[in-house]
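The values are calculated or read from the model by the stated rules, or taken from the named source; none is laboratory data. Quick caveat: nothing in here was measured; it's all calculated off a predicted structure. When we count neighbours, we look across all protein chains shown, and the Cβ atoms used for this are built from the backbone with ideal geometry, even at glycine. When the accessible area is computed, the model is the full protein with side chains, heavy atoms only, and any ligands, DNA or RNA have been set aside. Shrake-Rupley method; radii C 1.70, N 1.55, O 1.52, S 1.80 Å.
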Amino acid sequence: MNRRHLLALAGLAAVVLIAAGWSGGASANEATIGIHFSHYTPSDLTAKVGEPITITLRNDDPIAHEWIVGTPQLHEIHRTAPPEFHNQFPTEVTIPALTTRVTTVQFDAPGDYQYICHLPGHEAYGMVGTLHVVAD
């Protein structure tokens, strides 16, 4: 192969990689959390610091749930607040019965961030999980 053919081949490879969504080794972070019998599955997820993770929340229960992820201080506020419909923040989502919602969250500090359903009795029943945010 001559130099012109090699350059054309390299250009074609770049177009294919861009079309396939390649971004220098980083791929989109995605996860699905199923909700069934008032439990999250999986109850543990891992994300990288500073990278968004898109989470699909699939509620297979015949009742509504919520998915609130954050610090202990955020959860304390929700434990004492009256139940409400959440749709203003990506870290606070209401999932009506037998529906799916998608949200994208990002944390800029490493740590373990719990996700909890704060509807009456759900946390005590075990509707709790952890998003582990780790540095590279």
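Does residue 84 meet the test of being out of contact with any Pro (no Cβ under 6 Å at 6 or more places or on another chain) and not in a strand (DSSP E or B)? Before you say what the answer is, go through the steps one by one.
Details: out of contact with any Pro (no Cβ under 6 Å at 6 or more places or on another chain): yes; not in a strand (DSSP E or B): yes.
Yes; evaluated as a whole, the condition is true for this residue.
Would you say residue 47 is open to solvent by less than 40 Å² (accessible area, probe 1.4 Å) and either assigned to a strand (DSSP E or B) or modelled with pLDDT under 95 (or both)? Working first, answer last.
On the way: open to solvent by less than 40 Å² (accessible area, probe 1.4 Å): yes; either assigned to a strand (DSSP E or B) or modelled with pLDDT under 95 (or both): yes.
Yes: the conditions hold for residue 47.
Of the residues that sit in region 35-44 and are assigned to a strand (DSSP E or B) and more than 13 Å from the chain's Cα centre (by Cα), which one is surrounded by the most Cβ atoms within 10 Å (Cβ to Cβ)? Before the answer, list the steps.
The first filter runs over region 35-44 and keeps only residues assigned to a strand (DSSP E or B), leaving 35-36, 39-41, 44.
Now narrow it down to the ones that are more than 13 Å from the chain's Cα centre (by Cα): 35-36, 39.
Numbers: 35: 23, 36: 11, 39: 17.
Across region 35-44, the extreme among qualifying residues is 35.
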Counting only residues in region 117-136 that are among the aliphatic types (A, V, I, L, M) and over 13 Å from the mean Cα position of the chain (by Cα), the one farthest from residue 68 (Cα to Cα) is identified as 135
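Can you pull out every residue in region 114-134 that is assigned to a strand (DSSP E or B), open to solvent by 30 Å² or more (accessible area, probe 1.4 Å) and either of a type outside the set (A, V, I, L, M) or at pLDDT below 95 (or both)? Break it down into steps so the answer makes sense when it comes.
Going through region 114-134, the residues assigned to a strand (DSSP E or B) turn out to be 114-116, 128-134.
Restricting the remaining residues to those that are open to solvent by 30 Å² or more (accessible area, probe 1.4 Å) gives 114, 128, 132, 134.
Matches in region 114-134: 114, 132.
Sort out which residues of region 67-82 are farther than 17 Å from residue 109 by Cα, in contact with a strand residue (DSSP E or B) (Cβ under 8 Å, 6 or more places away or on another chain) and open to solvent by 10 Å² or more (accessible area, probe 1.4 Å), and write them in order of number. Step through it out loud before you land on a result.
If we filter region 67-82 for residues that are farther than 17 Å from residue 109 by Cα, which is where we start, we get 67-68, 75-82.
Narrowing the set further to residues that are in contact with a strand residue (DSSP E or B) (Cβ under 8 Å, 6 or more places away or on another chain) leaves 67-68, 75, 78.
Listed by number, the list holds a single entry, 78.
Tell me whether region 20-32 contains one or more residues that are loosely packed, with under 11 Cβ neighbours inside 10 Å and modelled with pLDDT of 50 or more. I'd like the intermediate steps shown before the answer.
Kept after step one, since they are loosely packed, with under 11 Cβ neighbours inside 10 Å, are these residues of region 20-32: 20-21, 23-27.
When the remaining residues are screened for being modelled with pLDDT of 50 or more, the result is none.
No, because not a single residue in region 20-32 is loosely packed, with under 11 Cβ neighbours inside 10 Å and modelled with pLDDT of 50 or more.
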(1) surrounded by 14 or more Cβ atoms within 10 Å (Cβ to Cβ); (2) part of a loop (DSSP other than H, G, I, E, B); (3) touching a Pro at 6+ places or on another chain (Cβ under 8 Å) all hold for residue 98 apart from (1)
